[in-house]
1. Go through the stretch 205-220 and count every residue that is at pLDDT 95 or above and outside any strand (DSSP E or B).
2. I'm checking my understanding of the structure. Among residues of the stretch 263-274 that are free of Cβ contacts under 8 Å to residues at least 24 places away in the same chain and in contact with a strand residue (DSSP E or B) (Cβ under 8 Å, 6 or more places away or on another chain), which one is nearest to the ligand (Cβ to nearest atom)?
3. Here is a check on your reading of the model: is MET114 in a helix (DSSP H, G or I), within 16 Å of the ligand (Cβ to nearest atom) and open to solvent by less than 80 Å² (accessible area, probe 1.4 Å)?
4. In the stretch 71-104, how many are open to solvent by 90 Å² or more (accessible area, probe 1.4 Å), assigned to a helix (DSSP H, G or I) and among the β-branched types (Val, Ile, Thr)?
5. Can you tell me which of (1) open to solvent by less than 60 Å² (accessible area, probe 1.4 Å); (2) under 60 Å from the mean Cα position of the chain (by Cα) is the one GLY58 doesn't meet?
6. Scan the stretch 155-177 residue by residue and report those that are open to solvent by 10 Å² or more (accessible area, probe 1.4 Å) and basic (Lys, Arg).
7. If HIS293 satisfies all but one of (1) within 10 Å of the ligand (Cβ to nearest atom); (2) surrounded by fewer than 17 Cβ atoms within 10 Å (Cβ to Cβ), what's the number of the condition it fails?
Amino acid sequence: MLDNLNQLRDDALSALSPIWDEQQLEEWRIKYLGRKGALAAQMEQLGAIPKEQRAAAGKLANEVKNALETAYEAKVGAIKQRALSESLEAEPLDVTLPGRPVAHGRLHPVTTTMRELYRIWGDMGFQVFRTREIETDEMNFQLLNIPPFHPARDNWSTFYIADTEERVLLRTHTSPGQIRAMRAMHPNPIRVILPGMCYRYEQITARSEIQFPQIEGLAVGHNITFADLLGTMTEFARRMFGENAKVRFRADHFPFTEPSMELDVECFLCKGAGCGVCKYTGWLEILGSGMVHPDVLRNGGYDPAEWSGFAFGMGPQRIAMLKHDIKDIRYFWGNDLRFLEQF
Ligand code: PHE
């Protein structure tokens, strides 16, 4: 019996040493250490041997069992270690390689221009007042002195989105916000800007999109005069385009302001000499403005005998195009990274 056990241990250990494969290791475990394995078979015979030999045989059997179990555990560890070093060698990892660059997002040039405009108008005492993009024909036109079939409607080709009695539309300019701001703030004086998206049912070209932001301005108070409008516009141009920006005012016409005018700044590319950007006039058109028409004041709830005001409307994309020399308005919504990454 003792010989058998010693033999069993030697056989088992020499069978174990060449094994480097998990499946073979499992077969080995079943063969020698399993419930019906070689060692178990020896243990079963312990009861049958003479009593005086039993203690020594039992002791040796336990030693063999411990030796095989220890050898088995060591092999499991050795196989894992070998698999790890093989994979490290097969897939070398260079921890000194530089990391992959992370692509940073950035603000859209229209957003940065809008924010700059908010800041300038905020510094000049104008609060942001938000109004809706979906409007009625009444707000977008009629209360601004543009009745149905008025020829001025040609300037604002319109997306009607519900041909109900109210004639719901996408606003063609931010000017309907004047009425909403007046109705919300009456009877207080007003100094607000109204930024937001506008829509026009037009051919898309290098200079006009069907969707574009505008920033409207509105000041209503006692004794606001045309001189206040001129001074405010001049100050705005200085803050936006620099201390020495030269401005000029040109008479214009809008049904909701009287008188109306356009603000031009001297072309900052050619300094007035004439170039492609200013179409060789030396001047750039920046915004439309005027004194709020008495009918519009009345429609907003303000008595024109006591109140007066001025309004203006500008296109931030136009300003961004001038500032950054962007030749085509379609770049803004084109989502071309080659364009966007320049800002
Ligand atoms: N709403 C006009 C436009 O879209 C601009 C404007 C606003 C003109 C306010 C005068 C006063 O063209």
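The values are calculated or read from the model by the stated rules, or taken from the named source; none is laboratory data. Computed from a predicted model, the values in this text were never measured in an experiment. Neighbour counts run over all protein chains shown; Cβ positions are idealised from the backbone, glycine included. Please note that ligands, DNA and RNA were not included when accessible areas were found on the heavy atoms of the full protein model with its side chains. Shrake-Rupley method; radii C 1.70, N 1.55, O 1.52, S 1.80 Å.
1. The number of residues fulfilling the criteria is 1.
2. ASP264
3. no
4. Final tally of qualifying residues: 0.
5. (2)
6. If the condition is that a residue be open to solvent by 10 Å² or more (accessible area, probe 1.4 Å) and basic (Lys, Arg), then ARG167 is the only one that fits.
7. (2)
A quick yes/no check of all residues on (1) free of Cβ contacts under 8 Å to residues at least 60 places away in the same chain; (2) within 15 Å of the ligand (Cβ to nearest atom); (3) open to solvent by 30 Å² or more (accessible area, probe 1.4 Å):
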residue	(1), (2), (3)
ARG183	no, no, yes
GLY196	no, yes, no
GLU202	yes, yes, yes
HIS222	no, no, yes
ARG248	yes, no, yes
